Amino acid sequence: MSLFPVDPVTPPATPAALRELIENRRSVRRFTAEAVPDDVVRDCLELAVLAPNSCNLQPWSFQVIRDPALLARLHPICMSQNAAKAPLIIAVLARPDTWKQACQNIIDYWPEPEVPARIRNFYNKTAPFQYNQGPFGLLGLFKRQLLRVAAWRKPLMRAPNSRAQMRIWAVKSTALAAQNLMLAFQSHGYATCPMEGFDEVRLRKTLDIPREALPIMLLAVGRQDAKGVYNPRLRFPLEQHVTWL
Ligand SMILES: Cc1cc2nc3c(=O)[nH]c(=O)nc-3n(C[C@H](O)[C@H](O)[C@H](O)COP(=O)(O)O)c2cc1C
């Protein structure tokens, strides 16, 4: 993979190809028993983590669940819904708790021999100040008060400055990764269904999800079976959602 792959002259995908991929993705609720090969899963995860994400801190993690016994335990936890009978489920977790390690990772994994000074400075000083909310979020509270005064004279970023805002912060980036993941599976000929219909308490226990992590969705993956799509595509008119300024 090139370090700077963007070529603005020749876009890598034609608009028609991208439209076809996106249009063909549907939420599928019935899958065949065919297993999804690990190399396909790995390829899709590699594309998932190419999603844009806040400050490149990559606040996500994924649990790839292939074990039939564990999948069987998940089914009732997912309200016994059909989609959760898939041969593969990926738990997509937002991680508001990994920013500190991620700041260090940026320095450790920097893809050039020298880490530029501005990068070191940002990840050693600016980012830790921005994302550290302190014990019980007290530093965040202090920063919010400080900002009220400091932002009087000039525009300043107001968030994330609380533990709740950190959760939103992590969910934004992780949702983008989840969409990449779905489209990647689609490109391999596998269907998906994102699921938020699950008992979070039981899910946390069953998958041993870290306390600070947020299971934003479970992604069911497999080959589409007959009658896998329940309803025709429906979207509201664009005009309802778009304001042109
Ligand atoms: C965050 C999220 C949670 C969802 N949870 C479920 C779910 O638990 N069960 C389900 O069958 N579909 C679920 N869906 C799928 C939606 O119902 C589906 O995306 C929507 O109806 C539009 O249909 P389409 O994906 O085929 O375009 C979820 C989708 C999202 C984005």
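The values are calculated or read from the model by the stated rules, or taken from the named source; none is laboratory data. From a predicted model like this one, the values you see are computed outputs, not experimental measurements. Reconstructed Cβ throughout: ideal geometry from the backbone, glycine too, with neighbour counts over all protein chains shown.
Quick one: what pairs do we get from segment 22-39, first residue touching a residue at least 24 places away in the same chain (Cβ under 8 Å) and under 19 Å from Gln81 (Cβ atoms), second hydroxyl-bearing (Ser, Thr, Tyr) and within 12 Å of the ligand (Cβ to nearest atom), C-beta under 7 Å, 6+ apart or different chains?
Once the first residue is touching a residue at least 24 places away in the same chain (Cβ under 8 Å) and under 19 Å from Gln81 (Cβ atoms) and sits in segment 22-39, its partners that are hydroxyl-bearing (Ser, Thr, Tyr) and within 12 Å of the ligand (Cβ to nearest atom) give Val28/Thr192; Arg29/Tyr230.
Out of segment 77-87, which residues are within 16 Å of the ligand (Cβ to nearest atom) and surrounded by 13 or more Cβ atoms within 10 Å (Cβ to Cβ)? Walk me through it before giving the result.
So the first thing to find is which residues in segment 77-87 are within 16 Å of the ligand (Cβ to nearest atom), and the list is 77-86.
Residues satisfying the conditions are Ile77, Cys78, Gln81, Asn82, Ala83, Ala84, Lys85, Ala86.
Ala220 - would you say it is of a type in the set (A, V, I, L, M), in a helix (DSSP H, G or I) and within 16 Å of the ligand (Cβ to nearest atom)? Show your work before the answer.
Working: of a type in the set (A, V, I, L, M): yes; in a helix (DSSP H, G or I): no; within 16 Å of the ligand (Cβ to nearest atom): yes.
No; evaluated as a whole, the condition is false for this residue.
Taking segment 203-217 as the search range and keeping residues that are touching a Lys or Arg at 6+ places or on another chain (Cβ under 9 Å) and within 16 Å of the ligand (Cβ to nearest atom), which one is nearest to Ala178 (Cα to Cα)?
Our first condition is that a residue be touching a Lys or Arg at 6+ places or on another chain (Cβ under 9 Å); within segment 203-217, this holds for 204, 206, 210-215.
Cutting the leftovers down to within 16 Å of the ligand (Cβ to nearest atom) gives us 214-215.
Values: Leu214: 13, Pro215: 11 Å.
Once the filter is applied, the top-ranked residue is Pro215.
Out of the residues in segment 223-245 that are farther than 29 Å from Ile77 by Cα and assigned to a loop (DSSP other than H, G, I, E, B), which is farthest from the ligand (Cβ to nearest atom)?
Kept after step one, since they are farther than 29 Å from Ile77 by Cα, are these residues of segment 223-245: 235-245.
Within this subset, residues satisfying the condition of being assigned to a loop (DSSP other than H, G, I, E, B) are 235-237, 241-245.
Values: Arg235: 8, Phe236: 12, Pro237: 16, His241: 14, Val242: 18, Thr243: 23, Trp244: 24, Leu245: 27 Å.
My answer is Leu245.
Out of the residues in segment 184-199 that are more than 12 Å from the ligand (Cβ to nearest atom) and over 18 Å from Asn82 (Cα atoms), state the one that is surrounded by the fewest Cβ atoms within 10 Å (Cβ to Cβ). Walk me through how you get there before you give the answer.
To start, the set of residues in segment 184-199 that are more than 12 Å from the ligand (Cβ to nearest atom) comprises 184-185, 187-190.
Those still in the list that are over 18 Å from Asn82 (Cα atoms) too: 184-185, 187-189.
On the way: Ala184: 21, Phe185: 25, Ser187: 16, His188: 14, Gly189: 9.
Filtering first and then ranking leaves Gly189.
Name every residue in segment 26-60 that is surrounded by 18 or more Cβ atoms within 10 Å (Cβ to Cβ), under 14 Å from the mean Cα position of the chain (by Cα), not in a helix (DSSP H, G or I) and not aromatic (Phe, Trp, Tyr), in order of residue number.
Those that are surrounded by 18 or more Cβ atoms within 10 Å (Cβ to Cβ), under 14 Å from the mean Cα position of the chain (by Cα), not in a helix (DSSP H, G or I) and not aromatic (Phe, Trp, Tyr): Asn53, Leu57, Gln58, Pro59.
Among the residues of segment 146-164, is there at least one that is under 21 Å from the mean Cα position of the chain (by Cα) and either part of a helix (DSSP H, G or I) or within 12 Å of the ligand (Cβ to nearest atom) (or both)?
Yes, because at least one residue in segment 146-164 is under 21 Å from the mean Cα position of the chain (by Cα) and either part of a helix (DSSP H, G or I) or within 12 Å of the ligand (Cβ to nearest atom) (or both).
Within segment 66-106, track down each residue that is among the β-branched types (Val, Ile, Thr) and either over 19 Å from Arg223 (Cβ atoms) or modelled with pLDDT under 95 (or both). Quick ask: steps written out before the conclusion?
Narrowing segment 66-106 to residues among the β-branched types (Val, Ile, Thr): 77, 89-90, 92, 98, 106.
Once the filter is applied, which keeps residues that are among the β-branched types (Val, Ile, Thr) and either over 19 Å from Arg223 (Cβ atoms) or modelled with pLDDT under 95 (or both), segment 66-106 yields Ile77, Val92, Thr98, Ile106.
Of the numbered conditions (1) at positive phi; (2) more than 21 Å from the chain's Cα centre (by Cα), Asn124 satisfies every one except a single condition; which is it?
Result: Asn124 passes all but (1).
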